[in-house]
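The values are calculated or read from the model by the stated rules, or taken from the named source; none is laboratory data. Quick caveat, the model's predicted, so the values are computed rather than measured. Cβ placement follows ideal geometry from the backbone for every residue including glycine, while neighbour counts extend to all protein chains displayed. Just so you know, the surface numbers come from the protein's heavy atoms only, side chains and all, with ligands and any DNA or RNA stripped out. Shrake-Rupley method; radii C 1.70, N 1.55, O 1.52, S 1.80 Å.
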Amino acid sequence: MARPEKVRLGELLVKQNLITEEQLRLALEEQKRSGRKLGRVLVESGYVTEEGISQALAKQLNIPYIDLKYYNISQELTQLLPETQARRFRALVVEAREDAVRVAVVDPTDLFAYDELARILKRNVELAVVTESQLLANIDRLYRRTEEISGLAKELTAELGDMPVDFGELLGTTPGLEEAPVVKLLQSVFEDACAVRASDIHIEPQERNLRIRFRIDGVLHVQTEADSKIASALVLRLKLMSGLDISEKRLPQDGRFNIKVRNNSIDVRISTMPTQYGESVVMRLLNQATGLLALTRLGMPERVLERLRQAIHRPSGMVLVTGPTGSGKTTTLYAALNELNTPEKKIITVEDPVEYRLPGINQVQVHERIDLSFERVLRSALRQDPDIILVGEMRDQVTAEIGMRAAMTGHMVLSTLHTNDAMSTPIRLLDMGVPRYMVALSLQLILAQRLVRLVCESCARPYALQPHERQWLRYELGDKVDAHRYMHGAGCTHCNGTGYQGRTGVYEMLEMTDRVVEAANQDDPAIFLQAARQQMAGETLRRDAVRLAIQGRTTVEEAMRISNQTDED
């Protein structure tokens, strides 16, 4: 392939009627003022999309435009180009033959980059155009740190040797600590975790080795296994970073710290626990750059979203979000708070721990060791004249009663509770010892939810149902089971071979209507359950999961896994 020609991007976009002369003039002025690239200015100004620019360049230069979402690139192939060069030249090797390689680039008119790529790859270079955001996301994903992490773990093992080491002194006072193998190892682990969108990092000492696992889309994957002797060094370094007591190894500890990974601020919640072979560490990663989701982006069905919004905008009452750990309850509550957060509202949150930091909101971290309990903070919060209170969890009778009393006296209270479904929530509160009248008068709405994995768009394929899946679907779909097309992921580099990428919520909702409230005041729970079932009209977690399955967005297997099993099963 001949060297690419130089193209004036602005003139090209005007020529192809993608922008106007006036938009180009304004963008050039902004480019001159800010020093940013013209393409970036045009995209950020909303004049044209990244895809529009890439497709225009491809058409002008008569080279392919590639949508990397549907491109299964092997990691082995990408290693032909070192990561530093891939990032520098915004390039990714996507195909290879004996005499030539296909390289996806953001700017196919960069003559210097073309010459350098040909020199490094030592073959003829055939260009294709991709968008910058897709290219960078794929570089983050494909250039994994697995080998680097294994190498650093071995380096740390060799450095520690067989001699006992005072890790507290070594890690706390050594100059040039950023070059220490333990620090470089942790940095690589965090970078790799962020590249694959892991929500948690698990560091688990075993009898003969140390296992590091990532939780990705709710499922744990082994990242690496190393010599068990480095476990103490990793744990002690993490304790120093989070301000924990490095001398205490017999009791669990909780803390947090903040790190920067590729210019992104990552908030890390850390929990340590003594186990048979050492201290186990679990770290929850919260990427502050992703920001809070709006309620409209949580994937709720329209009927659920509309009723939830009506409930949270009422002047008083309680809205509960229920589900097991890791079902997205906090994300939903913060999305609601984000919508309610206006200068006219006084909002106080009582949490353990504070997961997201919201400007304009008064957030309190519970600290049991100094007697700063949910109960104590909640009583004080009510004297701060709030309009809206978020309680991290209704974990005992006292907290629940204070929250419900607040809901009955003119406050909107948002909170969570660990129950399997919406209908069992009022019964659970009664079992906790909350007076029946409080439950009936304060509860406005209960939202139960789960997180379901989505089929990877890059490797989605039609799927033939198994007999047990067909039988399960018949409960919701009857004879219309075969009227829909079902999908599954074959597994590719985009989804690490799992067939799933990303998650969304499934929901069910119980509104405390007059009839349901009246039933809740009865001593017989069967009366309440019947009224609740009629109010929900079959709009259950199961039905919402089936909705996603027949849309091809998730698999039937995944819908079955997260659906709540009811007595009718």
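Return the only residue of Thr540, Thr554, Thr504, Thr493 being among the polar types (S, T, N, Q), within 24 Å of Gln466 (Cβ to Cβ) and surrounded by fewer than 23 Cβ atoms within 10 Å (Cβ to Cβ).
Details: Thr540 fails: surrounded by fewer than 23 Cβ atoms within 10 Å (Cβ to Cβ); Thr554 fails: surrounded by fewer than 23 Cβ atoms within 10 Å (Cβ to Cβ); Thr493 fails: within 24 Å of Gln466 (Cβ to Cβ).
Result of the check over Thr540, Thr554, Thr504, Thr493: Thr504.
Going by the structure shown, is Leu372 on the phi < 0 side of the Ramachandran plot, out of contact with any Leu (no Cβ under 8 Å at 6 or more places or on another chain) and open to solvent by 50 Å² or more (accessible area, probe 1.4 Å)? Let's see the steps before the verdict.
Working: on the phi < 0 side of the Ramachandran plot: yes; out of contact with any Leu (no Cβ under 8 Å at 6 or more places or on another chain): yes; open to solvent by 50 Å² or more (accessible area, probe 1.4 Å): yes.
So Leu372 passes the test.
Across the range 178-199, what is the total count of residues that are among the charged types (D, E, K, R), touching a Leu at 6+ places or on another chain (Cβ under 6 Å) and open to solvent by less than 10 Å² (accessible area, probe 1.4 Å)? Talk me through it step by step, then tell me what you get.
In the first step, residues of the range 178-199 are kept if they are among the charged types (D, E, K, R); the result is 178-179, 184, 191-192, 197.
With the extra rule that they be touching a Leu at 6+ places or on another chain (Cβ under 6 Å), the set shrinks to 184.
Retained after the next criterion (residues that are open to solvent by less than 10 Å² (accessible area, probe 1.4 Å)): none.
The qualifying residues number 0.
Can you run down the residue pairs with Cβ atoms below 9 Å, 6 or more apart or on separate chains, where the first is in the range 414-437 and over 25 Å from Ala335 (Cα atoms) and surrounded by 16 or more Cβ atoms within 10 Å (Cβ to Cβ) and the partner is among the polar types (S, T, N, Q) and at pLDDT 90 or above?
Pairs found: Arg428/Thr322.
Within the range 290-308, count every residue that is at pLDDT below 90, in a helix (DSSP H, G or I) and touching a helix residue (DSSP H, G or I) at 6+ places or on another chain (Cβ under 9 Å).
3
If you check Ala335, Ala400, which single one turns out to be touching a helix residue (DSSP H, G or I) at 6+ places or on another chain (Cβ under 7 Å), over 30 Å from Leu251 (Cβ atoms), crowded, with 18+ Cβ neighbours inside 10 Å and not aromatic (Phe, Trp, Tyr)? Give the derivation first.
Details: Ala400 fails: over 30 Å from Leu251 (Cβ atoms).
Exactly one residue qualifies, and that residue is Ala335.
Which members of the range 459-500 meet the condition of being within 18 Å of Ala195 (Cα to Cα) and either among the aliphatic types (A, V, I, L, M) or part of a helix (DSSP H, G or I) (or both)?
Thr493, His494, Cys495
Looking at the range 309-325, which of its residues are open to solvent by less than 50 Å² (accessible area, probe 1.4 Å) and assigned to a loop (DSSP other than H, G, I, E, B)? It would help to see each step written out before you state the result.
Within the range 309-325, the first condition is being open to solvent by less than 50 Å² (accessible area, probe 1.4 Å), and the residues that meet it are 311-312, 316-323.
Listed by number, the residues that qualify are Ser316, Gly323.
From the list Glu5, Glu22, Glu51, exactly one residue is modelled with pLDDT under 85 and surrounded by fewer than 17 Cβ atoms within 10 Å (Cβ to Cβ). Which is it? Break it down stepwise before answering.
Working: Glu22 fails: modelled with pLDDT under 85; Glu51 fails: modelled with pLDDT under 85.
One residue alone meets the criteria, Glu5.
Applying the selection to the range 494-547, what residues are modelled with pLDDT of 90 or more and among the acidic types (Asp, Glu)?
Selection gives Glu508, Glu511, Asp544.
Between Leu136, Leu210, which is open to solvent by less than 40 Å² (accessible area, probe 1.4 Å), modelled with pLDDT of 70 or more and either outside any helix (DSSP H, G or I) or under 18 Å from Asn263 (Cα atoms) (or both)? Working first, answer last.
On the way: Leu136 fails: open to solvent by less than 40 Å² (accessible area, probe 1.4 Å).
After ruling out the rest, the residue left standing is Leu210.
Looking only at the range 535-551, which residues are free of Cβ contacts under 8 Å to residues at least 12 places away in the same chain and more than 23 Å from the chain's Cα centre (by Cα)?
Here is the first cut: in the range 535-551, the residues free of Cβ contacts under 8 Å to residues at least 12 places away in the same chain are 537-538, 551.
Once the filter is applied, which keeps residues that are free of Cβ contacts under 8 Å to residues at least 12 places away in the same chain and more than 23 Å from the chain's Cα centre (by Cα), the range 535-551 yields Ala537, Gly538.
Failed condition for Glu83, given (1) free of Cβ contacts under 8 Å to residues at least 24 places away in the same chain; (2) over 17 Å from Thr131 (Cβ atoms); (3) acidic (Asp, Glu), with all others met?
Of the numbered conditions (1) free of Cβ contacts under 8 Å to residues at least 24 places away in the same chain; (2) over 17 Å from Thr131 (Cβ atoms); (3) acidic (Asp, Glu), the odd one out for Glu83 is (1).
Can you tell me which of Thr325, Thr330, Thr296 is among the β-branched types (Val, Ile, Thr) and free of Cβ contacts under 8 Å to residues at least 60 places away in the same chain?
Working: Thr325 fails: free of Cβ contacts under 8 Å to residues at least 60 places away in the same chain; Thr330 fails: free of Cβ contacts under 8 Å to residues at least 60 places away in the same chain.
Being among the β-branched types (Val, Ile, Thr) and free of Cβ contacts under 8 Å to residues at least 60 places away in the same chain holds for just one of Thr325, Thr330, Thr296, which is Thr296.
Filter the range 265-284 for residues that are closer than 20 Å to Arg208 by Cβ and either touching a helix residue (DSSP H, G or I) at 6+ places or on another chain (Cβ under 6 Å) or β-branched (Val, Ile, Thr) (or both); which is most open to solvent (accessible area, probe 1.4 Å)?
Filtering the range 265-284 for residues that are closer than 20 Å to Arg208 by Cβ and either touching a helix residue (DSSP H, G or I) at 6+ places or on another chain (Cβ under 6 Å) or β-branched (Val, Ile, Thr) (or both), the one most open to solvent (accessible area, probe 1.4 Å) comes out as Thr275.
Go through (1) in contact with a Gly (Cβ under 7 Å, 6 or more places away or on another chain); (2) of a type in the set (Ser, Thr, Tyr); (3) without any contact (Cβ under 8 Å) to a residue 40 or more places away in the chain and name the single condition Ser442 misses.
Looking at each condition in turn, Ser442 falls short on (3).
Inside the range 218-264, can you point out the residues that are under 15 Å from Asp192 (Cα atoms) and either open to solvent by less than 50 Å² (accessible area, probe 1.4 Å) or not in a loop (DSSP other than H, G, I, E, B) (or both)?
Just the residues of the range 218-264 that are under 15 Å from Asp192 (Cα atoms), to begin with: 220-225, 259-264.
Within the range 218-264, Leu220, His221, Val222, Gln223, Thr224, Glu225, Ile259, Lys260, Val261, Asn264 meet the criteria.
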